[in-house]
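Visitor: One structure follows; several queries about it will come next.
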Amino acid sequence: MSRLGNLGARLYRGEVGYDFIGNRKIWYGVSILITITAILGLAVSGLNMGIEFKGGAVFTTDTKAKVSVSQAHEDAVAASGHEAIVQELGGGGLRIQITEVDTAKADQIKTQLSKDLGVPESEINADLVGPSWGEQIANKAWSGLGIFMVLVVVYLAIAFEWRMAVAALIALIHDITITVGVYALVGFEVTPGTVIGLLTILGYSLYDTVVVFDSLKEGTHGITKQTRWTYSEIANRSINGTLVRSINTTVVALLPVAGLLFIGGGVLGAGMLNDISLSLFVGLAAGAYSSIFIATPLVADLKEREPQIKALKKRILAKRAAAAAKGESVEDEGDDQAYDDGDAEPAGAVVGQRRQPGGHGRSPRNRR
């Protein structure tokens, strides 16, 4: 077995792990800091909305221009009086995008660009884009996002419980805020591809979160029938048990997206790939982070406010204190208040900590 596979097996069995729940305030603080930075970037810089949302004209030519991309950018700005986006096409031609220009202005710009670029005016194609189309896309995207959020909350409340639904919703909002904030900070253009990327990452983030929630639901079944582990400790075991799986799926998903963003958009200069690849890259990373460090710790916080779970934690801590005063291990006390058959044995594993040996360290499946 590979080292990673061996580590995953040990994490799943609770032999080693990291105390995610115990250090949740650190992760909350990190998330709050990142979120505030994203909101400030959005408030100060704003989003660089693409031509599909603002309207404007796109000029393309298949003929190689006699000027460089940087010079073509200066010429386009001078001819239009607006900021322009210039991209070099595969055959050596140029794609020049200028927002907020009408038909009459577009004809003037086309004539001037023909002179500046050294390309015949007949070989320059001009396409006008109205802002109403982008507005329709934005409205439909917001509607789709709202419906998606409602369905997510309803599904999780039915399949799991309302606390998990609330935690998942907060995690999704966290992911969207960070992704949009990064767009504002780096100044990448927001296009319909960006909207598609945002909607895509929501599904991925939710999928990763539900995997942990499913493990948590199984591990906490009949939790009040025992006095060995608190809800937070079982939640911590659930995160550790799915940790390697989450890392593997995230890395596999990020690799092709990173190729699009850094190689396709950065090295090869295919700037049109940036709009969707950046949203996917940031969103996938934020989704994996929120599933591990935000969603489940939030569930533990909400759950331990329940009177039954709060009373259970009090009994467990009192039992441990009494055992420590006698110089005994909790396992030595002989707690036969086990979970129902078929449930996995919970544990609150931390890094470097092994389960205590002895008969009571066996899985509940073996206690028949």
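The values are calculated or read from the model by the stated rules, or taken from the named source; none is laboratory data. All figures in this text were calculated on a predicted structure; none of them were measured in a lab. With ideal geometry, Cβ positions are generated from the backbone for all residues, glycine too; neighbour counts draw on all protein chains shown. Side chains included, ligands, DNA and RNA excluded: accessible areas come from the protein's heavy atoms. Shrake-Rupley method; radii C 1.70, N 1.55, O 1.52, S 1.80 Å.
Visitor: Just to check your reading of the model, which residue among Asp116, Asp175 is more than 29 Å from Ile276 (Cβ to Cβ) and part of a helix (DSSP H, G or I)?
Guide: Asp116
Visitor: Given (1) among the hydrophobic types (A, V, I, L, M, F, W, C); (2) open to solvent by 20 Å² or more (accessible area, probe 1.4 Å); (3) within 22 Å of Thr249 (Cβ to Cβ), identify the lone condition not met by Ile201.
Guide: Every listed condition holds for Ile201 apart from (2).
Visitor: Please give the helices (runs of 4 or more DSSP H) falling wholly within the range 212-316 in which 3 or more residues are surrounded by fewer than 19 Cβ atoms within 10 Å (Cβ to Cβ).
Guide: Fully inside the range 212-316 and qualifying: 243-258.
Visitor: Among the residues of the range 49-57, are any touching a helix residue (DSSP H, G or I) at 6+ places or on another chain (Cβ under 7 Å), open to solvent by 60 Å² or more (accessible area, probe 1.4 Å), within 16 Å of Ala106 (Cα to Cα) and in contact (Cβ under 8 Å) with a residue 24 or more places away in the chain?
Guide: yes
Visitor: Could you check, for the range 124-132, whether at least one of its residues is loosely packed, with under 15 Cβ neighbours inside 10 Å, in a strand (DSSP E or B) and in contact with a helix residue (DSSP H, G or I) (Cβ under 7 Å, 6 or more places away or on another chain)?
Guide: Looking through the range 124-132, at least one residue is loosely packed, with under 15 Cβ neighbours inside 10 Å, in a strand (DSSP E or B) and in contact with a helix residue (DSSP H, G or I) (Cβ under 7 Å, 6 or more places away or on another chain).
Visitor: Related question: Could you list all residues from the range 68-78 that are in contact with an Asp or Glu (Cβ under 7 Å, 6 or more places away or on another chain) and touching a residue at least 12 places away in the same chain (Cβ under 8 Å)?
Guide: Matches in the range 68-78: Val69, Asp75.
Visitor: Any chance you could count how many residues in the range 141-175 are among the hydrophobic types (A, V, I, L, M, F, W, C) and crowded, with 22+ Cβ neighbours inside 10 Å?
Guide: So the answer is 6.
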